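The next block holds one structure in the form of structure tokens; read it before the comments.
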Amino acid sequence: MADTLLAIRGLSKRFGGLLASDRIDLDVARGETHAIIGPNGAGKTTLIGQLAGDLRPDSGSIHFAGQDVTRLDAPHRARRGLARSFQVTSIFREFSALDNVALAVQAHAGRSFRFWRSARSEPALREPARAALEAVGLGARADVLAARLAHGEQRQLEIAMALATEPRMLLLDEPVAGMGLDESQKMVRFLAMLRRRITIVLVEHDMDAVFTLADRISVMVYGRIIATGTPSEVRGSDDVRRAYLGEDRA
Amino acid sequence: MAISRRTLALVAGGALLALVPPIAALTNQPFYLDLFRRMMIFAIAAVSLDLILGYGGMVSFGHAAYLGIGAYAVGIPAFHGVDNGWLQWGLAIAASALAAAVIGAVSLRTSGVSFIMITLAFAQMLYYLGISLETYGGDNGMRLAGRSRFGGPIDLREPAVFYYVVLAILVLLLTLGNRLVASRFGMVIRAARSNEVRARAIGFSPFRYKLTAFVIAGGAGGLAGALLANQTEYLTPDFMHWTRSGEIMFMVILGGMGTLFGPVIGAVVLLLLEDVLSALTTHWQIILGPILILVVLFAKRGLFGLVAGAETRDG
Amino acid sequence: MSINFALLLEQTLNGLQYGVMLFLMAAGLTLVFGIMNLVNLAHGSLYMVGAYLATAFTEKTGSFVLGVALALPATLLVGVVVEIVALRTLYERDHLDQVLATFGLILFFNELVAIVWGRAAIFTSVPPFLSGHFRVLPGLPYPTYRAVIILVGIAVAIMLWALVTRTRLGMRIRAGASNRTMISALGVDIRQLYTFVFGLGAALAGLAGAMAGPVYSVQPGMGEGILIQVFVVIVIGGIGSIRGAVVGAIVVGMADTLGRAFLKPLLATIISPPAADKAGPALASMSIYLLMAAVLFFRPEGLFPARGRS
């Protein structure tokens, strides 16, 4: 019996005249992999922003692990176990891959008001960081400057950083965006491995990835969720077909 | 054991500075001792600014305010007959740290352009406060009643002793600073500068760390101010004028932002430049202005990179 | 408390007059910040150049009006030259670079005017046809010149409002203030727009400087003092917003002037007169910064931000 890890109720957000989120209700069960799809402009990014804590909803609530996090900012949600990756790769470019992940480990460990000991010499930070890098397949690239990593490697790095915070849930914003065929298949295989261990909510356009990974899919159009169900249910839904094919807006 | 170019440069620099008093004595040019001491005092100010500017990305245009506070923390007690150095310098650090805490608490709520302007405005506010202190000279400032007294062998009226005190403080600051920027705390600051959104996404709340760094830098700036008051034996609100803040910022940039040791070079070079130019013409600022512009446009990396090699500015 | 109505009205008008000067500076600066994302510390230098040029032209032509009229396009020209020669490279740079480079410009301009006109302050007098007082209310004379400044300010504000809300150009300016990348993507010639906006700002600053001569003295460095207060105006009003500049300028102008005039006597009713004597002026000059701190505490993006809040 799955319990609910993420509960969204009546989430609404307006930007001037545009209703980007329109009374969204969604439940994500613990251990579930839930994909959110929809045409451009559907409001997926706004939804992610509100889940991550970057945007404050106008109304509605978000409950995570049984607690109301609607008013919490991004750092607090991260500390509660909500890790995310970004649509446009966001890493610490002037630091090495290992430094990047070590920072995530440090953030999770707390106790950052230490002024004397060199952080780079702390096994408590470096070891878990190395492990996370190995897990995503970047072990050999640990000492490379993040800015010099290939695009696909940088996206892997983001996942490593997310994992290093020992999260309860991963919020992935288009994880395979901008990746070539090989790279994205590698990423999908990796995420498939993660599925059982951790709850994942992902926004994605790549339908192969979506149908491979998702336990359930929600379809968003014009700020509303018009359908939620298993991949086959969604594939067979008339509403969804109409939304995607009938009124396609770029 | 391989000695890096950087280590060599640092040791050479330190040795050079340590040798100034005996050389000045030998060549009978006490002026140089005075000059280098002044440079080191500004180096301390510049290094303290580099902590927040170079490593933290906080463009504080009001750093001179802390020098002013530190200077008055020495001058005002001296005026009233209190010349205990421990008390004065302790007050200098505490008062400027407190001011930094207040200013930072308000300013760090903003970022970018607003942050620059607000730190500037606060410094100006303190400048006007200094001008309004009629008892202590108002906008003319006042003479320092006497140099800070420490007892024992430390007599600041001895030029060489004072020189080595300043040098010791500079070395101490550089040592502590070096550890600070590599520590967990330093990493948070640097991460927030590199990518604040990312830092927040992994769970850091940058404000408290930035504020702490701001306070530390402010306190160190206050100490520099206390030293400056002793150096010039005169203090005026001009210490806090925003053009002074700009000068210190330039020292940081010229020397190499985010290198900690670079600003020392920056202080030396800028003060030397000002000295040389002002000997040429009273209108030296018309030359200095464009030089500064050119440095910003073309030599942003700073001098430390040139001297000590490319691997100096790491992430 | 013996503050009479006449004094209060006079100081209010003075506050308004000072607010006009601040607004003229702030309008240009906030547009430049908002549209070009450029921190320009040398804006005060344009104010100073306007003051010096007006003084010089007035002397040459013997007419104050002509002097000001000539100083305006001249300052605009100086502004455009500075923009093309020195500032274009800065648009792409980060704020720190802009701060430092324009700081270098300040040093340059301060020294330039010192070379040409000397370091001593120049005191210009109000032109005869504008000197004297006129009756605001029976028994209440107010200096004509200051009243003219207020009227000029209102006129400029109206013209700017018309420009920004009623013309195509104004639409581009507003769009640029709210989303820079978008308007360039829409094909608006960014460089021309930038040069225009900067020139406009320079002309406004020059106007403020030209009018300032008879009221304040003309000397090297005169721009920096007012510049910082202009920053406060913009921070309070919101970057990129002309409306914010108007409100901010009036608020700051009033706070500063009334503070200077009345804080001391006001304080004297609460604490002892000698203490008020000391604290009054200090608090007065700090008052606008305290005001700014207060606004920022509740609204870090200012009262009327052009970009809107998320």
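Summary of values
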| item | result |
| --- | --- |
| Difference of contour (0.36 nm per residue) and Cα-Cα distance, C:Leu163 to C:Val215 | 15.8 nm |
| Rounded to 5, percent antiparallel among DSSP beta bridges of the protein assembly as shown | 60 |
| Which of C:Phe103, B:Phe150, B:Phe31 is most accessible, then next, and so on - probe 1.4 Å | B:Phe31, B:Phe150, C:Phe103 |
| Computed FRET value (nearest 0.05) for B:Glu134 with B:Ala94, which takes r as the C-beta separation and R₀ as 35 Å | 0.90 |
| Span-rule helices in chain B, defined as complete DSSP H runs reaching 24 Å or more along the axis (Cα) with Kyte mean at least 1.6 | B:159-182, B:262-280 |
| For C:Ser63, solvent-accessible area (1.4 Å; no DNA, RNA or ligand), Å² | 40 |
| Within segment C:53-110, GluC sites (Glu not before Pro) in DSSP loop having at most 11 other beta-carbon neighbours inside 10 Å | C:Glu92 |
| For segment C:258-306, residues shielded by at least 50 square angstrom of accessible area compared with the chain on its own, probe 1.4 Å | C:Met286, C:Tyr289, C:Leu296, C:Phe297, C:Pro300 |
| Solvent-accessible surface (1.4 angstrom probe) belonging to B:Glu134, in square angstrom, nearest 10 | 130 |
| Accessible area of chain C belonging to carbon and sulfur atoms, whole % at 1.4 Å probe | 67 |
| Solvent-accessible area buried by B and A, counting both chains, probe 1.4 angstrom, square angstrom | 3000 |
| Equivalent ellipsoid semi-axes, the protein assembly as shown, via Cα gyration tensor eigenvalues times 5, rooted, Å | 50, 38, 25 |
| Reference-scaled alpha-carbon Rg (2.2 N^0.38 Å with N residues) for segment C:1-123 | 1.29 |
| A:Lys13 accessible area, 1.4 Å probe, all protein chains in place, Å² to nearest 10 | 10 |
| Integer Hz, Karplus 6.51/-1.76/1.60 couplings in order for segment A:3-17, x for Gly and Pro | 9, 7, 8, 10, 10, 10, 10, x, 6, 9, 8, 10, 10, x, x |
| A:Thr4-A:Ser118 FRET efficiency (beta carbon distance; Förster radius 60 Å; 0.05 resolution) | 0.90 |
| √(5λ) per eigenvalue of the Cα gyration tensor, chain A, largest first, Å | 32, 21, 16 |
| Between segment C:108-152 and segment C:251-299, the alpha-carbon center distance in angstrom | 26 |
| Volume per residue that the Cα convex hull of segment B:217-294 spans, once the total is divided by residue count, Å³ | 110 |
| Exposure rank, largest accessible area first [C:Glu301, A:Glu166; 1.4 Å] | A:Glu166, C:Glu301 |
| Whole-percent carbon and sulfur share, accessible surface of chain A, 1.4 Å | 50 |
| Gap separating the Cα centres of segment B:19-72 and segment B:227-266, nearest whole Å | 6 |
| Förster radius 60 Å - calculated FRET efficiency between B:Thr27 and A:Asp27 (Cβ-Cβ, nearest 0.05) | 0.15 |
| Exposure ranking of A:Ile226, A:Ile8, C:Ile270 by accessible area [1.4 Å probe, largest first] | C:Ile270, A:Ile226, A:Ile8 |
| Carbon + sulfur, % of accessible area of segment B:31-241 - ligands and nucleic acids excluded, 1.4 Å | 63 |
| Label-point separation in nm, A:Glu233 to A:Asp143, each point 7 Å along Cα→Cβ | 5.2 |
| Fraction in percent of alpha-carbon pairs per bin - 20 Å, chain C | 31, 57, 11, 0 |
| Interface residues, segment C:214-233 - accessible area loss of 30 Å² or more versus chain alone, probe 1.4 Å | C:Glu224, C:Ile228, C:Phe231 |
| Long-range amide H partners of B:Ala145 with built H, under 5 Å | B:Phe79 |
| Spin-label model distance (nm) - C:Thr89 vs C:Ile122, 7 Å beyond Cα toward Cβ | 3.1 |
| Probe 1.4 Å, protein heavy atoms only - accessible area per residue of the protein assembly as shown in square angstrom | 41 |
| Helix-only mean residue ellipticity at 222 nm for chain B, each DSSP H run of n ≥ 4 adding -39500 (n - 2.57), per residue, nearest 500 | -24500 deg cm²/dmol |
| In the B-C interface, the accessible area buried, summed over both sides, Å² (probe 1.4 Å) | 3800 |
| Chain C: angle of helix C:64-82 to the longest principal axis, Cα-based, in degrees nearest 10 | 40 |
| Euclidean distance of C-alpha centroids, segment B:81-138 and segment C:59-88, integer Å | 38 |
| Separation in nanometres of the label points that stand 7 Å from Cα toward Cβ, at B:Arg301 and B:Thr281 | 3.2 |
| Buried solvent-accessible surface, both chains (C, A), 1.4 Å probe, Å² to nearest 100 | 100 |
| 3J(HN,Hα) from dihedral phi, segment A:214-223, Karplus parametrisation 6.51/-1.76/1.60, rounded to Hz, x for glycine, proline | 6, 7, 9, 10, 10, 10, 10, 9, 6, x |
| Normalised per residue, the volume of the convex hull around the Cα set of segment A:91-166 (Å³) | 78 |
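The values are calculated or read from the model by the stated rules, or taken from the named source; none is laboratory data. Not measured: the values here are computed from a predicted model. Neighbour counts are summed over all protein chains in view; Cβ atoms, including those assigned to glycine, are modelled from backbone coordinates with ideal geometry. The area values use the complete protein model at the heavy-atom level, side chains included, leaving out ligands, DNA and RNA. Shrake-Rupley method; radii C 1.70, N 1.55, O 1.52, S 1.80 Å.
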